[in-house]
């Protein structure tokens, strides 16, 4: 397990919860280089790859990921928003990829926050079911799906904390973010949540 392995010498804002469990914010960085047990793919419902994080993960991991995705679709059909499935990590350092479909943002009127929360809960839960110790998330739905980062960050962090607190095996949830604006938004959200819950953060 890689729960204690950090991304290469990057500063992280850390929220230590309890029992050795923690949330980290890292970046700007490339999630395909993460050494956590699993990384999360912001997938589309077809699970056949795409642009952004999805395309980068399929390119870095190689054809084994797509082959397993096709097997999953053949069994269960397309993956609805808010749900998650797991495959190999292929050639990447992470042993697994957890694919989850984030919501397209329509102004918050179509249960986008509920679906985004479900992406994070289901992904952590799936990692825990597979006895993994650590998982890395990108900023789900904030790219082509149009979810404003300032609105997505508190949902992503709060529900990841909630699921982490009840997990048996998962000890680390890391958010690995591509650009400085996204890092800034997630850091601000983590600080607000830590203040509201009375849990100190460190950097």
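Contact map, region 29-44: first residue on the phi > 0 side of the Ramachandran plot and free of Cβ contacts under 8 Å to residues at least 24 places away in the same chain, second residue crowded, with 24+ Cβ neighbours inside 10 Å and not in a strand (DSSP E or B), Cβ cut-off under 8 Å, separation 6 or more or different chains; the map is empty.
If you filter region 51-67 down to residues that are under 17 Å from the mean Cα position of the chain (by Cα) and free of Cβ contacts under 8 Å to residues at least 24 places away in the same chain, you find that the one that is farthest from residue 116 (Cα to Cα) is 58. Does residue 170 fit the bill of being surrounded by 15 or more Cβ atoms within 10 Å (Cβ to Cβ) and touching a helix residue (DSSP H, G or I) at 6+ places or on another chain (Cβ under 9 Å)? The answer is yes for residue 170.
May I ask you to list the residues in region 160-203 that are at pLDDT below 95 and within 15 Å of the chain's Cα centre (by Cα)? Selection gives 178 alone.
The values are calculated or read from the model by the stated rules, or taken from the named source; none is laboratory data. Everything quoted here is computed from the prediction, not taken from an experiment. Virtual Cβ from ideal backbone geometry, glycine too; neighbours counted across all protein chains shown.
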